[in-house]
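The values are calculated or read from the model by the stated rules, or taken from the named source; none is laboratory data. Note that the structure is predicted; figures quoted are calculated from it, not measured. Positions of Cβ are backbone-derived with ideal geometry, glycine not excepted, and every protein chain shown enters the neighbour counts. Calculation scope for accessible area: heavy atoms of the full protein, side chains included, ligands and nucleic acids excluded. Shrake-Rupley method; radii C 1.70, N 1.55, O 1.52, S 1.80 Å.
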Amino acid sequence: PFAPQGLERIGEWKKLIKGKPLVAIGGLTLDRALQCLKAGADSAAVVGDIVNNADPVAQAKAWIAATRVAA
């Protein structure tokens, strides 16, 4: 029910949801997703940046490599 919130609102939402996971979603590119994660999102949901890519397998691998967190 919300319009796009932008990077500046991620920190605000983190405070409002009090410990619940915050997911960035909607129109994300890999670069934008990394900015969202840096701004405080716990995860990022992606579809278009992978399925619309000329090489979706390579793009999915790029996402995994860039967002993998050591356990």
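Total Lys pairs in the chain closer than 27 Å by alpha-carbon, pairs eight or more apart in sequence or interchain only? Write down the numbers at each step before the final one.
Values: LYS14/LYS38; LYS15/LYS38; LYS18/LYS38; LYS20/LYS38; LYS38/LYS61.
Close lysine pairs found across the chain: 5.
Scaling the Cα radius of gyration of the chain by the globular reference 2.2 N^0.38 Å produces a ratio of 1.16. In the chain, what trypsin sites (Lys or Arg not before Pro) fall in a loop by DSSP, with at most 15 other Cβ atoms inside 10 Å? Passing sites in the chain are LYS18, ARG68. Here the Gaussian network model covers the chain, with springs between Cα atoms less than 10 Å apart; of ALA54, ALA39, ALA24, ALA54 fluctuates the most. Approximating the spin labels as points 7 Å out from Cα along Cα→Cβ, the LEU16-to-THR29 distance works out to 2.7 nm. A 1.4 Å probe, protein heavy atoms only, puts the accessible area of ASP55 near 80 Å².
About its Cα centre, the chain has a charge dipole of approximately 320 debye under the convention of +1 per Lys or Arg Cβ and -1 per Asp or Glu Cβ, with nothing else charged.
Carbon-plus-sulfur accessible fraction, the chain (probe radius 1.4 Å, protein heavy atoms only): 61%. Adding -39500 (n - 2.57) for every DSSP H run of four residues or longer, then dividing by how many residues the chain holds, sets the calculated 222 nm ellipticity at -15000 deg cm²/dmol.
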